[in-house]
Every structure is written in structure tokens, then in C-alpha cells.
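Trainee: Got a structure for you, written out below as C-alpha cells; questions coming shortly.
The values are calculated or read from the model by the stated rules, or taken from the named source; none is laboratory data. All values derive from a computational prediction rather than experimental measurement. Methodologically, a virtual Cβ is constructed for each residue, glycine included, from the backbone with ideal geometry; neighbour enumeration extends over all protein chains shown. Heavy atoms of the whole protein, side chains included, go into the accessibility calculation; ligands, DNA and RNA do not. Shrake-Rupley method; radii C 1.70, N 1.55, O 1.52, S 1.80 Å.
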Amino acid sequence: INAEYGARQHRKMLRFLTSIPIPSEPLSIAATAFLGLVLLVTFLGNDAGTMSKSFSWQFRLAASLRTPILVFFVVPLSALLWLKRQIIITYRLRVRGLEASRATHADRVQPVIASIQRWNESGRTQKLRTARPNWACMSTKLSSNKDDAHRVPVSQLDHILDLNLEDMSVTVEPNVTMGMLTSFLLPKGYALQIQVEMESITVGGLVMGFGMETNSHTVGFFQESLMAYEVASHDGVIRDITKDSDPEYFYALPWNYGTLGFLLSAKIRIVPVKEYVRMKYIITSSPKELCDKMTKLSEADDAPTFLEATIYSKDKAVIQCGHFVDRPARGSAEANMINPINHFWKPFYYKWVETFIQKGGGEEVIPRQHYYHRFTRSIFWELDDMIPFANHPIYRCLWGWMGAPEVSLLKLFQGPVIRQNSFYAHVVQESIMPVRHLAEGVEKFDNWFGTYPLLVFPLRVYDRGPLSGFLHPRKDMLIPGRDYGLVVDLGAYGVPRPVRQGQMWDAIKNVREMEEWTRDIGGWQATYTDICCTHKEFRQMFDHSLVDKVQKLSLIHISEPTRLLSISYAVFCLKKKKKNKKI
């Protein structure tokens with residue numbers, strides 16, 4: 001009986017399958033195959049099923065459709081934008097030349113000055129902001145506080161202006177990206193003194209905000225490589241600022257996000273670089289061991305040129321220390337160690353580094369441009385949350401050649417509902433803490449966020465007394481006999497543990513606890529992230545004395561120029577949460 005029943009079911013299934021029309025035309029076959037691919041990608045990338053029902057249905061639907069939208073729309077569009085930038089930079093540098101860019105710099109500056117003058121003539125009734133949309137910035141904040149502002153056009157300021165090998169500097173406009181600079185400088189054997197890894201980050205964001213890299217433990221933040229600023233002030237006057245001509249203005253500009261002037265160009269220090277980086281991987285098995293080794297390596301007189309760590313669990317981490325080397329001789333043992341980590345068919349760098357845990361450490365030689373942009377393909381490790389199979393060999397070979405989605409496009413495809421929910425479903429936070437607090441910081445990050453990997457960048461921060469600017473290290477943070485101390489940037493990017501477990505995560509509570517702890521130990525929070533502290537607490541964390549002194553030069557027409565209203569998105573979230581039971 002069972003056999004007969006099974007045979008009947010089998011015949012029914014065969015009749016059903018044979019009744020399905022099979023496309024015979026090439027176009028129909030292609031459309032059917034594409035539809036099947038879309039469904040497969042949607043299924044593989046769908047993580048909304050584990051998400052708490054407390055999130056709005058719009059957000060859970062967006063989470064279900066996120067991966068196919070990224071794969072079939074955002075990634076190809078990002079590749080086209082990258083190609084466009086490459087064509088533009090090639091034309092400007094090889095056809096027009098730097099002389100043409102310098103000759104037309106004044107023409108690109110004129111709309112900025114004209115806009116500021118119109119603002120003055122209208123009675124200064126609005127705040128001054130750039131016309132660049134918030135989604136185009138690298139900041140995680142999407143809230144728009146520009147609607148009622150007088151918006152100044154700055155998108156045209158994206159040219160490289162000068163390369164001076166006598167004083168080892170490059171002069172660029174603010175919208176020039178790190179990718180443009182490596183394409184320009186590396187073939188000549190040079191790089192920025194602090195060459196930030198993400199290709200799409202702009203000079204303006206690094207200069208007027210902040211930036212760091214894996215050699216910051218010997219140099220400092222990106223601001224330490226600045227030699228001169230060209231700034232348009234609130235009265236429409238162009239000011240050339242150096243540490244000798246106007247030291248107060250010079251040291252007050254970083255971290256103020258344009259509240260003290262519109263950046264027109266920046267002169268940045270460059271250094272000669274060799275073709276390869278020899279990298280050594282050191283495994284640690286506890287937060288204390290990581291803290292001790294990072295402290296010893298970063299404070300050493302013979303510290304490695306490059307130093308960072310990636311934490312894969314509360315106990316396991318990989319320290320990466322490297323230095324420049326010449327091209328290895330053909331056939332040598334060092335030549336066999338060469339690993340071009342950024343080829344699209346290669347595993348993501350952070351995944352590759354993780355394999356050294358099982359190996360107990362190791363060494364390899366990386367081409368310099370591959371090393372400089374090692375996190376671009378994977379957006380550090382954020383891409384794994386957006387396209388869960390992005391590191392799979394099939395995806396890397398078939399789709400990976402187009403690169404990662406642009407961060408700006410990711411934000412463009414987010415509406416207010418998605419962004420508001422993302423604040424409670426995803427964390428992007430960094431605490432810049434004294435290096436000896438790293439072990440405690442790892443423990444606390446595990447409690448607050450519970451997401452891995454974690455980023456660890458050691459940095460040097462200088463005490464210049466009244467000229468220290470926003471970052472004024474406490475005396476007990478300084479290395480004895482030196483005018484600087486060592487801090488580490490501990491960064492968490494990903495989905496918090498409770499959200500992955502289908503629960504809710506109290507973003508405001510946890511971020512505020514991180515902010516309070518960071519303030520108490522003399523550290524600072526990364527200001528491109530969502531900030532939940534009050535204005536008073538913000539001023540306690542950052543030293544406003546120098547900025548307050550030069551506030552008469554402030555661009556933003558408010559009583560306190562460094563209020564940084566652009567960082568207050570968390571307050572918006574808090575108000576919305578009170579109005580709605582669901583987030």
C-alpha cells in the first residue's frame with residue numbers, strides 16, 4: 001500500500017513538473033535564470049527571520065531585501081562610479097596636468113566666496129553649511145540639519161593642485177579621495193605621511209574631522225601631517241593658515257567639522273615609500289596579553305612602522321606589525337612570501353589574518369598599495385553583515401571584481417525609518433582610550449556590544465598646552481620625559497550580540513555607558529558616529545578652550561560654534577522612541 005501511494009505521489013509530481021512551461025527563447029531563458037538568481041541571493045542573504053518583532057515591519061522587510069538590492073544595484077553602480085573617478089583622475093593628471101588644475105583653482109573657489117557673501121548680504125539669518133548631502137559623507141549619521149541652512153557649494157573642489165618634492169608636500173582640494181592620492185603618489189614612490197586605508201574617504205573629512213592609520217603610533221592623528229590650510233572664513237575672506245602664521249587657528253581647525261571655516265585646499269606632508277610591506281602576525285590569547293604587547297610595541301623606540309590589531313573574540317586577537325622593504329629578489333625566500341591581498345579573488349584581508357590564529361602566527365610580504373587599501377573591499381568587516389556570502393570564492397570570482405558598495409550609496413538607499421531602526425540594530429562606535437586601558441576596554445566592549453571583530457589602532461597624541469585643541473591629553477597619560485602619550489582607538493562595527501539572538505539592544509544606554517567610561521579615563525569618542533551625550537558632557541570630553549578663544553572666527557552663526565549639531569541624531573531617535581512602542 002505504501003509503495004502504491006508513493007508511486008501515485010511520484011506520478012503527480014512528474015505531471016506537475018512537466019506542466020511548467022520551459023522557456024525556449026534565449027531572452028526568456030536569461031530572464032528566468034536571472035529571476036532564479038535573485039531568489040537565491042535573497043534567500044542566502046535574508047537574516048530578518050532572526051530579528052526581533054519589536055523592529056518595524058518596514059525595517060524587517062528592508063533587511064530581507066537588502067542583499068539583492070546591494071548585489072544587483074548598489075555594487076554595479078559603485079563600480080561605475082569608481083570607473084568614472086578613474087577616468088577623471090587619469091584625464092586630469094595625464095592630459096591636463098597639475099598646472100591646469102592650479103590655474104582653475106580660483107574659478108572653483110569663487111562659488112564658495114560668492115555664496116558666503118550672499119549670506120552676509122542677507123543678514124546672516126541662517127546657519128552656514130556645505131551643500132554636500134549628508135548621505136555623501138562617511139559619517140554614520142543620516143539626519144539632515146541642512147534644510148534651513150544656507151548651503152555653500154563645494155563639490156567642485158576635487159582637484160590635486162601641486163606636488164612639491166623640495167618640502168615634501170602635496171596640495172589638494174577637500175574632495176580629493178585617498179584612492180585618488182594613492183593612484184597619483186605611489187607610482188612616483190611617495191605616499192601621504194598618514195595614508196588612510198579607505199579609498200573613498202576625502203581629504204576634507206580627514207582634515208576638518210579626524211583620521212588615523214597604522215603608523216599613527218609614531219606620527220599621530222592625520223592632523224599632524226598638515227602643513228597649511230586654505231580656508232574661507234565667515235566674512236568671505238580667504239585665509240592661508242600655518243602653525244607659524246596663526247597657531248591658534250591652525251590647531252583649532254581639526255575635529256571641528258568646518259565650524260571654523262570652509263576648507264578650500266590643504267597642504268599635506270608626504271614621505272618616500274618602498275614597494276612592499278613585510279608583515280608579521282602575532283597571536284594573543286587574552287585582553288591583558290594584547291594590552292601588554294600593544295603597549296610595549298607602540299611605545300618602543302624602534303616601534304614597527306605599521307602597527308594594529310584585530311580582535312576576533314574576547315580572548316583571541318592578531319597583532320599586525322610591518323615595515324617597508326624593497327622588492328624581493330626573484331627566486332628568494334622573501335619573493336615566495338609575496339601576497340597581493342587585494343586581488344578580487346583573494347579572501348578579505350581580515351578573514352585572511354584570522355587564519356594565522358590556527359597557524360600560531362607568521363609573516364608575509366604585501367605590495368604597498370594592496371596594504372594601504374586592505375579594508376576597502378570588505379569595508380573593514382561590515383560587508384559580511386550586508387552580503388553574508390561576499391567572502392565566498394564563487395561570489396569573489398563572479399562579482400567581487402566590481403568591489404564593495406560605496407558607503408555613500410548605502411546611506412542614499414536608507415530612508416528615515418531604516419536609519420532610525422539601524423541605530424538600534426547595528427553599532428558603529430569607537431573609543432579612543434589610554435593604551436593601558438585596552439584590556440578593560442575589550443571586556444567592556446564585549447558587554448556593551450558583543451560584536452566581533454574589533455579594530456585596534458594605537459595613536460600618539462601630543463600635549464601642546466593651550467594649543468592642544470580638542471584633544472588635550474591628561475598629564476598622567478604622557479610618557480615620562482616626552483610631550484605625548486599613547487592611546488588606542490578601539491572600534492566596534494557590526495550587529496550587537498542581542499540583535500543576532502533575536503532580542504532588542506538598548507543602544508542609547510550602552511553608548512552612553514561607553515561615553516561615560518571614555519570620559520572618566522581621559523579618552524575621546526569618534527565624532528563621526530552616533531553620539532548620545534549631552535552638550536555639557538560633550539564639552540567635558542573635548543577641550544573647547546582653544547576653540548572658544550577663536551570663536552569670533554566661527555562660520556556657524558550660533559552662540560557656541562562647536563556645538564556640532566550634526567552629531568545629535570541620537571536625540572532624534574530618543575524622541576521617536578518615546579512616541580512609538582515599536583522602534
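Trainee: For the chain, list log₁₀ I(q)/I(0) at each q in 0.06, 0.07, 0.12 Å⁻¹, using the Debye formula over Cα point scatterers of equal strength and ignoring solvent, two decimals each.
Mentor: -0.33, -0.45, -1.34
Trainee: Still on this structure, I have one more. Would you mind calculating the relative contact order of the chain from Cα pairs under 8 angstrom and at least 6 residues apart, reporting the percent as a whole number?
Mentor: 17 percent
Trainee: Considering only C-alpha atoms, what is the centroid distance from the range 173-202 to the range 459-473, in Å?
Mentor: Cα centroid of the range 173-202 versus Cα centroid of the range 459-473: 26 Å apart.
Trainee: While we're on this one: Please give the net charge around Leu81, taking every other residue with its beta carbon less than 15 angstrom from that of Leu81, where Lys and Arg add +1 and Asp and Glu add -1.
Mentor: Here the charged neighbours net out to 0.
Trainee: Next up: If the only charges are +1 at each Lys and Arg Cβ and -1 at each Asp and Glu Cβ, what is the size of the charge dipole of the range 451-493 around the Cα centre, to the nearest 20 debye?
Mentor: 100 debye
Trainee: What order, most packed first, do the peptides 328-334, 438-444, 280-286, 451-457 have when packing is the mean number of other Cβ atoms within 10 Å of each residue?
Mentor: On the way: 328-334: 10.3, 438-444: 19.3, 280-286: 16.9, 451-457: 22.1.
Result, highest mean first: 451-457, 438-444, 280-286, 328-334.
Trainee: Per residue, how much accessible surface does the range 172-309 expose to a 1.4 Å probe? Answer in Å², no decimals. Write down the numbers at each step before the final one.
Mentor: Numbers: 4110 Å² over 138 residues.
That works out to 30 Å² for each residue.
Trainee: Additional query: Students often check this: by mean Cβ neighbours within 10 Å, which of 236-245, 494-503, 425-434 ranks highest, and how do the rest follow?
Mentor: 425-434, 494-503, 236-245
Trainee: Now for a separate question. For the range 231-277, with only Lys/Arg (+1) and Asp/Glu (-1) charged at the beta-carbon, what is the dipole magnitude about the Cα centre, in debye rounded to 20? Mind dumping the intermediate values first?
Mentor: On the way: 5 positive and 6 negative charges, 45 e Å.
Dipole about the Cα centre, nearest 20: 220 debye.
Trainee: Follow-up. Cα centroid distance between the range 26-43 and the range 69-109, in Å?
Mentor: A separation of 34 Å, based on Cα centres.
Trainee: While we're here: Please give the FRET efficiency for Thr125 paired with Glu440, using the beta carbon to beta carbon distance and R0 = 41 Å, rounded to the nearest 0.05.
Mentor: Values: r = 49 Å, r/R0 = 1.18.
For R0 = 41 Å, the calculated efficiency reads 0.25.
Trainee: Determine the distance separating the Cα centre of the range 347-402 from the Cα centre of the range 212-238; give it in Å without decimals.
Mentor: The two parts, judged by their Cα centres, are 30 Å apart.
Trainee: Using 7 Å Cα-to-Cβ label points, what is the Arg15/Asp326 separation (nm, one decimal)?
Mentor: Modelled inter-label distance: 8.1 nm.
Trainee: Something else: Excluding Pro480 itself, what net charge comes from residues whose Cβ is under 13 Å from its Cβ, given Lys and Arg +1 and Asp and Glu -1?
Mentor: -2
Trainee: Which angle from 0 to 90°, rounded to the nearest 10, does the C-alpha axis of helix 438-448 make with the longest principal axis of the chain?
Mentor: Its long axis makes an angle of about 50 degrees.
Trainee: To the nearest 20 debye, what charge dipole does the range 50-168 have about its Cα centre, counting +1 at the Cβ of each Lys and Arg and -1 at the Cβ of each Asp and Glu?
Mentor: 580 debye
Trainee: Go through 106-117, 299-310 and give me the packing order, highest mean Cβ count within 10 Å leading.
Mentor: Order by mean packing, descending: 299-310, 106-117.
Trainee: Would you work out which of Ser155, Ser225, Phe34 lies farthest towards the positive end of the dipole of the chain? Charges go on Cβ: Lys and Arg +1, Asp and Glu -1.
Mentor: The one lying farthest along the dipole's positive direction is Phe34.
Trainee: On to the next question. With axes computed from alpha carbons, what is the tilt in degrees of helix 507-520 against the longest principal axis of the chain, rounded to the nearest 10 within 0 to 90?
Mentor: For helix 507-520, the angle is close to 30 degrees.
Trainee: Strictly over 25 Å apart at the Cα level, which of Lys411/Lys536; Lys146/Lys536; Lys188/Lys411; Lys288/Lys536 would you flag in this model?
Mentor: Lys411/Lys536; Lys188/Lys411; Lys288/Lys536
Trainee: Just check the range 34-153 against the gyration tensor rule for me: Cα atoms, a ≥ b ≥ c as the square roots of the eigenvalues, rounded for a/c under 1.5, and otherwise prolate or oblate depending on whether a/b exceeds b/c.
Mentor: It is oblate, given that a/c is not under 1.5 and a/b is not larger than b/c.
Trainee: Right, something else. For the range 232-353, place one equal point scatterer on every Cα, skip the solvent, and apply the Debye formula. What is log10 of I(q)/I(0) at q = 0.16, 0.17, 0.22 Å⁻¹?
Mentor: -0.95, -0.97, -1.20
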